[in-house]
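The values are calculated or read from the model by the stated rules, or taken from the named source; none is laboratory data. Predicted model, so just to flag it, every value in this text is computed and none were measured. Because the Cβ atoms are built from the backbone with ideal geometry, glycine has one as well, and the counts that use them run over all protein chains shown. To get the accessible areas, we keep the full protein, side chains included, count just its heavy atoms, and leave off ligands, DNA and RNA. Shrake-Rupley method; radii C 1.70, N 1.55, O 1.52, S 1.80 Å.
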Amino acid sequence: MIIDTTEIQDINSFYRVESLKGVYGIISALVPILTLVLGITIGVLVIVWLEREISAGLQQRIGPEYAGPLGVLQALADGTKLLFKENLLPSRGDTSLFSIGPSIAVISILLSYLVIPFDYRLVLTDLNIGVFLWIAVSSIAPVGLLMSGYGSNNKYSFLGGLRAAAQSISYEIPLTLCVLSISLLSNSLSTVDIVEAQSKYGFLGWNLWRQPIGFIVFLISSLAECERLPFDLPEAEEELVAGYQTEYSGIKFGLFYVASYLNLLVSSLFVTVLYLGGWNISIPYILVSEFFEINKARWVFGTTIGIFITLAKTYLFLFIPITTRWTLPRLRIDQLLNLGWKFLLPISLGNLLLTTSFQLLSL
């Protein structure tokens with residue numbers, strides 16, 4: 001039997017090309033995800049540093065200054081310290097629930113970043129139900145907190161987990177109604193379409209001006225979802241030691257710490273996307289498009305400007321939750337639930353009905 005060497009070479013080259021295509025496909029899928037994870041990590045470190053510096057300024061004291069220039073590496077040093085600390089387990093608790101709880105809290109928040117657009121072309125998944133995906137996956141985080149509280153076999157931890165679940169349910173409904181009002185105005189549930197709907201008239205087209213009541217309700221609800229003061233009842237140190245975090249140490253405690261800042265960052269990004277025009281610059285769209293046409297590297301320049309504008313709006317908005325932490329006193333649990341069910345829920349429902357009425361009249 002005579003074997004043609006040319007055919008063998010062709011087959012080998014074909015398999016090499018196919019294998020290279022497979023490797024290229026894997027790399028092209030992983031690079032955006034890893035880039036987003038790296039950006040999120042840097043963003044969280046910046047938020048921790050900003051909060052410590054702003055808190056120090058509000059309290060007229062010196063903030064972090066020794067770990068790196070201006071103390072920018074302090075959060076990295078804290079994370080490294082927690083990484084090498086001993087990981088303790090409660091002897092009479094449910095160790096499986098105790099270990100899974102922090103992971104669920106972090107993973108559910110990380111999934112929210114899939115639908116956040118930093119630019120028109122820079123979003124991992126542009127889904128038709130993008131904003132509802134965020135609401136759905138973010139509602140899983142309190143389940144992890146409840147599992148952590150129950151698995152700790154500690155009354156303070158269990159009360160903190162119950163408070164987290166009650167608080168999340170109370171404020172998730174007004175937040176969802178506000179998002180639904182925005183979706184009605186934009187005729188879409190896609191985050192990219194919502195930003196594009198605000199781009200026609202510059203900053204005058206922001207949903208902030210068309211939905212002022214919804215913006216205030218969304219702001220209060222997002223603060224409660226992030227468990228920031230004055231809504232940090234699940235971990236109130238004067239009442240519950242540290243709430244659901246009481247029995248945790250080492251890296252698992254660090255996961256809760258990271259989850260709180262991840263949630264704060266994603267809430268600020270969604271405020272930017274839903275109410276502050278996203279990546280669009282605050283001048284009329286016609287002028288921006290003409291300016292981009294002058295630039296030769298139009299795509300790169302436009303994407304860079306879009307990312308910068310999105311992050312600038314996000315970090316400027318972050319001053320509100322940081323300053324309220326040192327401004328407002330903590331509410332009682334009955335006051336917190338009354339605010340959610342008796343005030344924010346009727347207001348957000350009325351805002352949704354009003355928005356629906358205007359949309360029907362404009363048809």
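Mean separation of Cα pairs under 8 Å and 6 or more residues apart, divided by the residue count, gives the range 186-279 a relative contact order of 40 percent.
Modelled spin labels at residue 77 and residue 332, positioned 7 Å past Cα toward Cβ, are 4.2 nm from each other.
Averaging the Cα positions of each part gives two centres, and for the range 112-139 and the range 59-93 these lie 31 Å apart.
Per residue, the convex hull around the alpha carbon atoms of the range 38-90 comes to 121 Å³.
Residue ranges 195-208, 145-158 sort as 145-158, 195-208 when ordered by packing (mean number of other C-beta atoms within 10 Å per residue, highest first).
Rolling a 1.4 Å probe over the protein chains gives residue 27 an accessible area of about 90 Å². In this label model, residue 323 and residue 84 are separated by 3.9 nm, measuring between points 7 Å along each Cα→Cβ vector. Here residue 35 and residue 60 are evaluated by their C-beta separation; at R0 = 35 Å the FRET efficiency comes out at 0.35. Membrane-span-like helices in the chain: DSSP H runs reaching 20 Å or more (Cα, own axis), mean Kyte hydropathy at least 0.5? Both cut-offs are met by 5-58, 95-110, 155-186, 250-275, 298-317, 345-361. Largest to smallest in accessible area, the residues 326, 209, 279 fall in the order 209, 326, 279 (1.4 Å probe, all protein chains included). The length gained on full extension between residue 173 and residue 251, counted as 0.36 nm times the residue separation minus their Cα-Cα distance, comes to 24.8 nm.
Projected onto their three principal axes, the Cα atoms of the chain cover extents of 83, 61, 44 Å, largest first.
Computed in the context of the full set of protein chains, the accessible area of the chain at 1.4 Å probe radius has 70% of its extent on carbon or sulfur.
Take the chain with all the other protein chains still there, run a 1.4 Å probe, and you get 53 Å² of accessible area per residue.
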